[in-house]
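K.L.:
Sharing a structure, written as structure tokens. Questions coming.
What follows is calculated from the coordinates using simple rules that are stated; it is not laboratory data. Remember, predicted model here, so these are calculated numbers, not experimental data. As a convention, Cβ positions derive from the backbone with ideal geometry for all residues, glycine included, and neighbour counts pool all protein chains shown.
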Amino acid sequence: MKNKIIAGNWKMNKTIAETKQLIGQLIPLVADTNNTVIICVPYTNLATAVELTKGTNIHVGAQNCHWKESGAYTGEIAPSMLVELGVEYVVLGHSERRTYFGETDNTVLLRTKAALSAGLKPIVCIGETLEERNNGQMEQVLSRQVKEGFKDVTVEELANVIVAYEPVWAIGTGVTATDEQANDAIAFVRSVFQEMYGKQAADQLYIQYGGSMNDKNAQGLLSMSHIDGGLIGGASLVAEKFAQVVKAHK
Ligand code: PGA
């Protein structure tokens, strides 16, 4: 049986002072879980988060990284810079980055490869919009995102990847996919990975659900057979709520 991987995506929230407070509250609340706990914080809070979580069961992630090791890329951060800080994970290809910052399947692939080469574990996000779902294009979109976004990722590398299925219509909207909708979509995503990497690698792959997941709906979602964890936005900003998601599945 897999444990669950619960990652908080803080997005562009929390000052350093607020980070100290939230992590201080979180540490005792999640100390006794068997699930993996990750917090993905803004760049400016990474050093603080790594320092404060040393010796605890909380892992730290960033929310993006570039594919080059260094150079004239104003505003970007290299994977090795994150590794130097003690960061272990990085969210890549989040729908907000695809929508607002021109991220494509190809740039997601480049970032994923670079993150893996540097020793980071990427949390790669995919998901369809409401329009795509309503037009019956969900499978086509998910299939394309996986096939293009993982084109050059080897089966050995895949073992260090987490995938997050996040239907765009459920992110930050308060509308969660039903347990069945989330499970069915993730089962489909897993079948695409199986086509590319074989059954064993696809079965072992952790695929999270994300999109308005919270302390109220986490138990149902996490009890579904294909859902290996959650990527939590809004509810990860409140220690008690995030802790309840972490502990929703024993
Ligand atoms: P949400 O965000 O939980 O606030 O919907 C999830 C995400 O975007 O990762």
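K.L.:
Put a dot 7 Å past each Cα toward the Cβ at residue 173 and residue 34; how far apart are the dots in nm?
P.N.:
Rounded to a tenth, the inter-label distance reads 3.5 nm.
K.L.:
Taking every DSSP beta bridge that has both residues in the chain, what percent is antiparallel when rounded to the nearest 5?
P.N.:
Antiparallel: roughly 0 percent of the beta bridges in the chain.
K.L.:
Here is a further query. Please identify the longest segment of the chain free of exposed chymotrypsin sites (Phe, Trp or Tyr not before Pro), where exposed means a DSSP state other than H, G, I, E or B and no more than 12 other Cβ atoms within 10 Å.
P.N.:
Longest gap between qualifying sites, sites excluded: 102-250.
K.L.:
Okay, moving on. Which pairs break 32 Å Cα to Cα here: 4/151; 151/216; 113/199?
P.N.:
151/216
K.L.:
Under a point spin-label approximation (7 Å from Cα along Cα-to-Cβ), what is the residue 151-residue 195 distance to one decimal in nm?
P.N.:
Spacing of the two 7 Å Cα→Cβ label points: 1.6 nm.
K.L.:
Now a separate question. Going by Cα centres, segment 36-83 and segment 175-191 are how many Å apart?
P.N.:
Cα centres, segment 36-83 to segment 175-191: 29 Å.
K.L.:
Scan around residue 92 for amide H atoms under 5 Å from its own, H built in the peptide plane at 1.01 Å from N, and keep only partners 5 or more places away or cross-chain.
P.N.:
Under 5 Å from the amide H of residue 92 lie the amide H atoms of 123, 124, 125, each far enough along the sequence or on another chain.
K.L.:
Now for a separate question. Could you state the number of Å between the C-alpha centres of segment 1-15 and segment 89-167?
P.N.:
Computed from Cα coordinates, the inter-centre distance equals 17 Å.
K.L.:
Let me check against my output: what whole-number percent is the relative contact order of segment 5-246, with C-alpha pairs under 8 Å and at least 6 apart?
P.N.:
With pairs under 8 Å counted, the relative contact order is 20 percent.
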